[in-house]
Structure formats: C-alpha cells, structure tokens
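For reference, the structure is listed below as structure tokens.
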Amino acid sequence: MLDIEPMLLGSTLIVFLILIAVANSWLYNPLLKYMADRDADIKKDLDAVNTGDEKITQLEADAQRIINNAKLEASALRDSVIASAKELVDGKIEAKKAEMAEVYVGFKKSLNSEEDGLNKTLLAQVPVFEDAVKVKLSQI
C-alpha cells in the first residue's frame, strides 16, 4: 500500500526545514522586528502625550497665575486712580465751596448795603408819605 521512501522523506524534511529557516529569516524576523518597533513607537507616543498633558496642565496653571496677578495689579491700579480722583474732586469741591462762601459774603454785604440804602431812601420819603396820609385822612 503505502511505501515510505526514506530518501524522499529525508529530502522533504530537509526542504521543509530550509523553508522554515528561510521564512524565519526573511519573513518572521522582519515582521516581529516591525511589530516590536511599532509597539515601541506607540509607547513613546503615549509617553509624549502624557508629558504633553503635564506640560499643558503646567502652562494652564502658569496662565491662571499670570491672570490672577494681572487682576490684582489692575485692582490696585484702579483703587489708586479712584483715590487720586477722589482727592482731586474733593479739592475742587473745597475750592468751589470757598469760592461760593466768598460770593455769599459779597452778596450779603451788597444786600446789607442795599438794605441800608433803601432804609435811608424810605426814611427820606417818610415826610412825603405822612403828608399823603394826612391828605387822604382829611378827605375822609
């Protein structure tokens, strides 16, 4: 039935082993090396992403710190400007009050002098009024 040829069996085994060795060196080893390199690149990229996330977090913290410092400086500057503006306005108000006080004193003096003038005029006119009243009373 089946005859086993040792020579054919041995040569087939040798050809098979040679084929495995050639396939290993030409196909499997480069494929395994490519897969190992790809895994190393993926790991390197993941590490870079993690490092990038850390850098981003650090940069965000730095940006937030800079913004907070800028807000503090702006607040201090605004407070100083408001204080200086209040001082300036208070000075102007005081100057205007003093000016208005002087105007009031001058007005009061002129009013008093006019009052005195009117009193003198009325006192000078009293005899004329008395005569007019006497004439009116005599007509009644």
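The values are calculated or read from the model by the stated rules, or taken from the named source; none is laboratory data. Owing to the predicted nature of the structure, the values given are computational and were not obtained by experimental measurement. Methodologically, a virtual Cβ is constructed for each residue, glycine included, from the backbone with ideal geometry; neighbour enumeration extends over all protein chains shown.
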Legend entry - Condition check for residue 77: aliphatic (A, V, I, L, M) and either exposed (fewer than 10 other Cβ atoms within 10 Å of the Cβ) or at pLDDT 95 or above (or both): yes
Inset, instruction - For the range 60-86, name all the residues that are more than 18 Å from the chain's Cα centre (by Cα) and of a type outside the set (Gly, Ala, Ser). - result: 82, 86
Inset, instruction - Among the candidates 7, 35, 1, single out the residue that is among the aliphatic types (A, V, I, L, M) and at pLDDT below 90. - result: 1
